[in-house]
């Protein structure tokens, strides 16, 4: 069954966004030593951005390591990016980088933990994207 | 003076190779890479554009910038130093010294704008205005009270996040507005550098607040949350009056207020709280959003209103960690 995989650092914005979606989701651990949870056969990745002023270092190391595994990339269907418009041209750029590297569509961007509007749009959008209504956890 | 007179403890030499909190190094690196000075921005290219503004628009712009200068001055000389004794790690103290210094750079850069675009008389008049404006003084006082030595360390962080992520935005609105109309575009570039820094500051201080909250009892967490929403209401009341006084003349008050709601919600999220203003009250003019993050279209693949995943501009993918 399709699902969500996400990364969220200790500040927890992306985790709050994913939690508000109320859909099944697997979290890529912050600690490299932690065990990866079970993954859906197909998933959309939700990832925050940590770029510097030039856009470098945007994708968290843990997400890069995760995507270096060909099996993880094979199941990836799309990416949603978290960020903050206050970072200007690098707003949510990690999602642009992942979409390009993995040749998957960039589905949506939201700021910090998202607004109620973002949550409704992504929830509806994902349901339509998967062509199913049976995802709610 | 004898060596044994002072009871002051000698701090331990800071070891950046032994971190208690990885966020400290992450944010330190972010802030130091982002370092800039106002001399980097060619402000003099705005001289012609400045001349196209009406006298009322020029006065408004200078006043807005003196108001921002006051907030940066407070955060540089009082806010960031006041949080240093509360730090949980020595690395956090180092990050705060960086934050304090960058606030001084921000305050200094408004004077660079003034010396490039304005007459001494206009600037002196605006600084006098900021010294006397009751709303500006009220917001400064409200924040300063929470920075007092006897104040609660976590309440200091709440006030600090509100300053970094909310109180600046009645001012930041104006250069973004000018930029959206192709005016003062170099000044807007400088302001965007400030906005970027304040975003990291609000994020980091909010993160440290959340770490601090984890150590508190449920009752105390509730007290701090109530305090945060109470202070936000108080500051919002002041900001509304300040906004009306500044922007009524050019008819932008309602638009600026939507921007205030949007930023108040983001400030609360930095603290780990839910948004306060409903989405319809926090809908910002798309031209202002585009001025904040140029070249970053609205991405909504689901509704078909955003751009597709075909990426037109170069993105930095040359990270060594990728191995495909």
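The values are calculated or read from the model by the stated rules, or taken from the named source; none is laboratory data. Note that the structure is predicted; figures quoted are calculated from it, not measured. Positions of Cβ are backbone-derived with ideal geometry, glycine not excepted, and every protein chain shown enters the neighbour counts.
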Completion exercise
Restricting segment A:55-77 to residues that are assigned to a loop (DSSP other than H, G, I, E, B) and more than 8 Å from every other protein chain (Cβ to nearest Cβ), the one nearest to the chain's Cα centre (by Cα) turns out to be A:60
Practice task
Could you grab me the full set of residues in segment B:22-43 that are closer than 18 Å to residue A:57 by Cβ and either in contact with a helix residue (DSSP H, G or I) (Cβ under 8 Å, 6 or more places away or on another chain) or surrounded by 17 or more Cβ atoms within 10 Å (Cβ to Cβ) (or both)?
Solution key: B:23, B:24, B:25, B:26, B:27, B:28, B:30, B:31, B:32, B:34, B:35, B:36
Handout entry: Hits in segment B:167-189 - residues which are crowded, with 23+ Cβ neighbours inside 10 Å and farther than 21 Å from residue B:240 by Cα
Key = B:179, B:184, B:187, B:188
Fill in the blank from the handout: Counted residues in segment A:101-118 being over 29 Å from residue A:69 (Cα atoms) and at the interface with chain B (Cβ under 7 Å from one of its Cβ atoms) come to 3
Handout entry: Selection status of residue A:121, at the interface with chain B (Cβ under 7 Å from one of its Cβ atoms) and not in a helix (DSSP H, G or I)
Key = no
Problem - Residue list for segment A:37-70, restricted to those being touching a residue at least 24 places away in the same chain (Cβ under 8 Å), over 30 Å from residue B:32 (Cα atoms) and out of contact with any strand residue (DSSP E or B) (no Cβ under 6 Å at 6 or more places or on another chain) - result: A:41
Completion exercise
Sole miss for residue A:120 among (1) in contact with a helix residue (DSSP H, G or I) (Cβ under 8 Å, 6 or more places away or on another chain); (2) surrounded by fewer than 19 Cβ atoms within 10 Å (Cβ to Cβ); (3) modelled with pLDDT of 95 or more is condition (1)
Exercise for the section: Run down B:212, B:202, B:206, B:230 and say which single residue is part of a helix (DSSP H, G or I), within 14 Å of chain A (Cβ to nearest Cβ) and surrounded by fewer than 21 Cβ atoms within 10 Å (Cβ to Cβ). Expected result: B:212
Practice task
Restricting attention to segment B:280-303, report how many residues are more than 10 Å from chain A (Cβ to nearest Cβ) and either at pLDDT below 75 or loosely packed, with under 13 Cβ neighbours inside 10 Å (or both).
Solution key: 1
Practice task
Restricting attention to segment B:267-279, report how many residues are at the interface with another protein chain (Cβ under 7 Å from one of its Cβ atoms) and farther than 18 Å from residue B:211 by Cα.
Solution key: 2
Problem - Residue selected from segment A:1-54 under the condition in a helix (DSSP H, G or I) and more than 12 Å from chain B (Cβ to nearest Cβ), by the criterion surrounded by the fewest Cβ atoms within 10 Å (Cβ to Cβ) - result: A:21
Problem - Matching option when the condition is modelled with pLDDT of 95 or more and in contact with a strand residue (DSSP E or B) (Cβ under 9 Å, 6 or more places away or on another chain), among A:73, A:85 - result: A:85
Handout entry: Of the criteria (1) under 23 Å from residue B:288 (Cβ atoms); (2) outside any strand (DSSP E or B); (3) more than 7 Å from every other protein chain (Cβ to nearest Cβ), which one residue A:82 fails
Key = (2)
Problem - Residue match in segment B:151-163 (condition: closer than 18 Å to residue B:23 by Cα and either free of Cβ contacts under 8 Å to residues at least 60 places away in the same chain or out of contact with any helix residue (DSSP H, G or I) (no Cβ under 8 Å at 6 or more places or on another chain) (or both)) - result: no
Practice task
Might you check whether a residue that is within 23 Å of residue A:30 (Cβ to Cβ) and surrounded by fewer than 24 Cβ atoms within 10 Å (Cβ to Cβ) occurs anywhere in segment A:125-137?
Solution key: yes
Exercise for the section: Within segment A:93-100, identify whether any single residue is assigned to a strand (DSSP E or B), more than 9 Å from chain B (Cβ to nearest Cβ) and within 13 Å of the chain's Cα centre (by Cα), and answer yes or no. Expected result: no
Handout entry: Condition check for residue B:259: modelled with pLDDT under 95, buried (at least 18 other Cβ atoms within 10 Å of the Cβ), within 14 Å of chain A (Cβ to nearest Cβ) and in contact with a helix residue (DSSP H, G or I) (Cβ under 9 Å, 6 or more places away or on another chain)
Key = no
Completion exercise
The helices (runs of 4 or more DSSP H) lying entirely within segment B:1-81 that contain at least 3 residues which are within 14 Å of another protein chain (Cβ to nearest Cβ), farther than 17 Å from residue B:185 by Cα and touching a residue at least 60 places away in the same chain (Cβ under 8 Å) are B:22-33
